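All remarks here apply to the structure that follows.
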Amino acid sequence: MIIVLKRGATKADADLILGKIEAKGLKSLYLPGVERTVLGAIGAERVLAQLSFESHPMVESVEPVLAEYKLVSRELHPHDTVVAIGAASVGAERFLVVGGPCSVETREQTLASARAAKEAGAHALRGGAYKQRTSPYAFQGLGVEGLEILRDVGRELELPIVTEVVEVGDVDTVARYADALQIGARNMQNFPLLMASARTNKPILLKRGMAATIRDLLLAAEYIMDAGNDRIVLCERGIRTFETATRNTLDLSAVPYIKQKSHLPVVVDPSHGTGVRELVAPMARAAAACGADGILVEVHENPAEAWSDGAQSLYPEAFKELVRGLRPFVEAAGKTL
Ligand code: PEP
Ligand code: MN
């Protein structure tokens, strides 16, 4: 429920109403604006119906939040959320470029790939130390050793680090090293993991599940926000369809759709979204053109030798070319690179 206070309502008026909301066991939100203060009440419909603020002298209007996802919806929070990831940020005017290898393999490979990403203009470094692989025989990641490598390389190149956490027991460890926690497609609805990650208060890059609807994604983000963390970046990374020419079908219509429904930043992963090296740059341009707030791209110093996802990883020169070609599309969408 959205409660708009009258012009001139004081903080004390707001606190009185917030107290009544909380007394019912509901979640309360205080959203002071330039012109008006807006309050939110979230919880079971049955309990919300017991609140009667319509006749309160300091209340201008009361409206229900129609969206199923409340905290992540634009209805409740009309302005774009900006999420800081170390010194970088996403959701404001600046288009975020995250580059790096699929997996952390060795110190040398990570440093060389990160250097290539940085030289091309990436603002943050990606790389998996904990991997969720389709096959149990595929490389599963270096674990803590990989985190140490990532942290050292990130420090050396002054790049914030985005890395995946795959299980609840690793959340605190990963949070000690990472600037942002990535929750992978296979874990999008691992609700205990979402809530445990949320509690670290680190930014969370939440990838869309490969068989998840946009509603599923937004409700997964709602779990994170309900656990008290609003530093969420949503990531469209392609979904499973009957198409086999590409690894996944990159659903770019999700970008403007989510931007209309939610205040959270949205980035696109054209690497997993296509699985095909040659398609990564065109889809990155398309992502920028349709209003994405950034991209997440796999770059490897030597993709032919990569331990995971080599076929979709870009050579350093190709990544440089990608970033160069992005600018007109980013600018056409009203952002800067
Ligand atoms: C990744 O980014 O390396 C990854 C495993 O992605 P996804 O969870 O989208 O498959
Ligand atoms: Mn990968």
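The values are calculated or read from the model by the stated rules, or taken from the named source; none is laboratory data. What you are looking at is a predicted structure, and each value in this text was computed from that prediction instead of being measured. As a convention, Cβ positions derive from the backbone with ideal geometry for all residues, glycine included, and neighbour counts pool all protein chains shown. Surface accessibility is based on the protein's heavy atoms, side chains included, excluding ligands, DNA and RNA. Shrake-Rupley method; radii C 1.70, N 1.55, O 1.52, S 1.80 Å.
One table, with the values for the structure above:
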{"read-out": "Considering only the chain, percent of DSSP beta bridges that pair antiparallel, nearest 5", "value": "40"}
{"read-out": "Stretch gain in nm, segment E321-E305, where the contour uses 0.36 nm per residue and the Cα spacing is subtracted", "value": "3.6 nm"}
{"read-out": "J(HN,Hα) series, the stretch 184-199, from Karplus relation 6.51 cos²θ - 1.76 cosθ + 1.60, nearest Hz, glycine and proline x", "value": "x, 3, 6, 10, 4, 10, 7, 4, x, 5, 4, 6, 5, 5, 4, 5"}
{"read-out": "Approximate spin-label separation T249-A49, in nm, with each point projected 7 Å along Cα-to-Cβ", "value": "4.0"}
{"read-out": "Options G128, L51, M225, ranked by Cα towards positive dipole end of the chain, top entry (Cβ charges)", "value": "L51"}
{"read-out": "Residues of the stretch 2-63: accessible area per residue with a 1.4 Å probe, Å²", "value": "58"}
{"read-out": "Links that overshoot a 31 Å alpha carbon limit, given the list K20/K207; K27/K335; K20/K70", "value": "K20/K207; K27/K335"}
{"read-out": "Surrounding net charge for T134, when Lys and Arg each add one and Asp and Glu each subtract one, Cβ distance under 14 Å", "value": "+4"}
{"read-out": "Efficiency of FRET between D172 and T106 - r from beta-carbon atoms, R0 41 angstrom, step 0.05", "value": "0.95"}
{"read-out": "Helical mean residue ellipticity (222 nm; -39500 (n - 2.57) per DSSP H run of 4+; nearest 500) of the chain", "value": "-10500 deg cm²/dmol"}
{"read-out": "DSSP-loop trypsin sites (Lys or Arg not before Pro) across the stretch 231-262, with at most 16 other Cβ within 10 angstrom", "value": "R240"}
{"read-out": "Amide hydrogen neighbours beyond the local backbone of A9, cut-off 5 Å, H modeled", "value": "none"}
{"read-out": "Normalised contact order of the chain, rounded percent, pairs of Cα under 8 Å and 6 or more residues apart", "value": "16"}
{"read-out": "For the stretch 1-85: rounded, prolate or oblate by the Cα gyration tensor [a/c cutoff 1.5]", "value": "oblate"}
{"read-out": "Dipole moment magnitude, nearest 20 debye, the chain about Cα centre, only Lys, Arg, Asp, Glu C-beta charged", "value": "460"}
{"read-out": "Percentage relative contact order, the stretch 200-337, counting C-alpha pairs under 8 Å, at least six apart", "value": "18"}
{"read-out": "Exposed-loop-free span, longest in the chain, where chymotrypsin sites (Phe, Trp or Tyr not before Pro) count as exposed if DSSP calls them loop and at most 12 other C-beta atoms lie within 10 Å", "value": "1-136"}
{"read-out": "Angle between the chain longest axis and helix 214-226 axis [Cα atoms, degrees, rounded to 10]", "value": "70"}
{"read-out": "Spin-label pair E148/R36, simplified geometry with 7 Å Cα→Cβ offset, distance in nm", "value": "5.7"}
{"read-out": "Dipole in debye (nearest 20) - the stretch 224-321, about Cα centre, beta carbon charges: Lys, Arg +1; Asp, Glu -1", "value": "320"}
{"read-out": "Proximal charge balance of A120 [Cβ under 14 Å; K/R count +1, D/E count -1]", "value": "+1"}
{"read-out": "Residues in the stretch 25-41 reached by a label modelled at D15 [backbone nitrogen below 18 Å; 7 Å Cα→Cβ]", "value": "28-33, 37-40"}
{"read-out": "Apportionment of accessible area to carbon and sulfur, the stretch 2-63, percent (1.4 Å)", "value": "54"}
{"read-out": "Net charge of neighbours whose Cβ lies under 14 Å from the Cβ of D172, counting Lys and Arg as +1 and Asp and Glu as -1", "value": "+1"}
{"read-out": "Residues R186 and Y257, FRET efficiency given R0 of 22 Å [Cβ-Cβ distance, rounded to 0.05]", "value": "0.45"}
{"read-out": "Choice from P101, P160, P270 showing the highest fluctuation, given a GNM over the chain with Cα pairs closer than 10 Å", "value": "P160"}
{"read-out": "Distance in nm between pseudo-label sites at A84 and T241 (7 Å out along the Cβ direction from Cα)", "value": "3.9"}
{"read-out": "Within a Gaussian network of the chain (alpha carbon springs, distance under 10 Å), most fluctuating of E222, E60, E148", "value": "E60"}
{"read-out": "Computed magnitude of the charge dipole of the stretch 122-272 (debye, nearest 20; Cβ of K, R +1, Cβ of D, E -1)", "value": "340"}
